[in-house]
1. Return yes when A:SER185 is within 12 Å of the chain's Cα centre (by Cα), within 14 Å of DNA strand B (Cβ to nearest atom), at negative phi and of a type in the set (Ser, Thr, Tyr) and no when it is not.
2. Condition check: modelled with pLDDT under 95 and outside any helix (DSSP H, G or I). Does A:ALA178 satisfy that?
3. For the stretch A:113-127, which positions are hydrophobic (A, V, I, L, M, F, W, C) and either farther than 30 Å from A:ASP5 by Cβ or within 16 Å of DNA strand C (Cβ to nearest atom) (or both)?
4. In the list A:THR65, A:THR104, which residue meets the criterion of being among the hydroxyl-bearing types (Ser, Thr, Tyr) and more than 21 Å from A:LYS32 (Cα to Cα)?
5. Determine, yes or no, whether A:GLY152 is part of a loop (DSSP other than H, G, I, E, B) and either touching a strand residue (DSSP E or B) at 6+ places or on another chain (Cβ under 6 Å) or within 16 Å of DNA strand C (Cβ to nearest atom) (or both).
6. Do any residues in the stretch A:135-149 that are touching a residue at least 60 places away in the same chain (Cβ under 8 Å) and within 13 Å of DNA strand C (Cβ to nearest atom) have Cβ atoms under 9 Å from those of residues that are assigned to a strand (DSSP E or B) and of a type in the set (Ser, Thr, Tyr), where the two are at least six apart or on different chains, and which pairs are they?
7. Name the residues in the stretch A:181-211 that are more than 19 Å from A:VAL59 (Cβ to Cβ), outside any helix (DSSP H, G or I) and in contact with a Cys (Cβ under 9 Å, 6 or more places away or on another chain), would you?
8. Looking only at the stretch A:1-55, which residues are among the aliphatic types (A, V, I, L, M) and closer than 22 Å to A:ASP70 by Cβ?
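The values are calculated or read from the model by the stated rules, or taken from the named source; none is laboratory data. Since the model is a prediction, treat every value here as computed from it, not as a measurement. When we count neighbours, we look across all protein chains shown, and the Cβ atoms used for this are built from the backbone with ideal geometry, even at glycine.
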Amino acid sequence: MRVKDLHPWDVAPKEARRIQEQLAPKVSLKNKLRQNPKLIAGCDISTSRFSKTGYAGVVLLDATTLAPVDEFHLKGELGFPYVPGLLSFREGPLLIELFRQMPTAPDLIFFDGQGLAHPRRFGLACHMGLVLGVPAIGVAKSLLTGTFAEPGTDKGACSPLLAEDGSRLGTAVRTRTACKPVFVSPGHAIDFETAAAWTLRATGKYRIPEPTRLAHSLVNRVRKSDAG
DNA sequence: GCGACAG
DNA sequence: ATCTTGTCGC
């Protein structure tokens, strides 16, 4: 699929933050999902303890049945370290190259990390959403920034994630009864409610929604089976 | 200065 | 994220 070349990636942290502040205003919270999405995707990257080698993977699922219909993966170097708030500069390049190699574009993409729930309102899902030009949702397993009231204990319970100034950042969503909630925030071309609703719709028997759960499984499987 | 800190 | 064994709860 076609991707945009918005800026250089081989930059220092200071420049990376400047780029985030420059692009954040371009993120849209207007829902642009097509009427009846057919194909949704989940992606992730796996890497070993002290290696710069990363394994990126994407799993395409039937939006109605959540059955996986296709998958792609790519091995490459992670040229940027993990720095809280700058995750997209570490995982972005490899994920973008992988999506660029794909023949078709999904209707919605789930990312393992934050979207708008970021210090500069520009988490991984926002960055990738803009570059790929596809509706994107960030589903993080833990919090980066924001506060929330504990959602009800039942699956489906939600509670707004708020910034210090009271503005909305995302939603704490209970995807499984009695389990810790996940933090859902818009990446691009989607609103808060639709992002939370699709996260629940894409969730099966586990805490992590099927798209990213299957992608995580894929990249770990690929990394472990790569004898070198 | 101190604490927090997606993956 | 990854490493890593057992253990507690539904």
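1. Against the criterion (within 12 Å of the chain's Cα centre (by Cα), within 14 Å of DNA strand B (Cβ to nearest atom), at negative phi and of a type in the set (Ser, Thr, Tyr)), A:SER185 qualifies.
2. So A:ALA178 passes the test.
3. A:ALA117, A:LEU124, A:ALA125
4. A:THR65
5. yes
6. Filtered contacts from the stretch A:135-149: A:VAL139/A:SER185.
7. Within the stretch A:181-211, A:PRO181, A:SER185, A:PRO186, A:HIS188 qualify.
8. Selection gives A:MET1, A:VAL3, A:LEU33, A:LEU39, A:ILE40, A:ALA41, A:ILE45.
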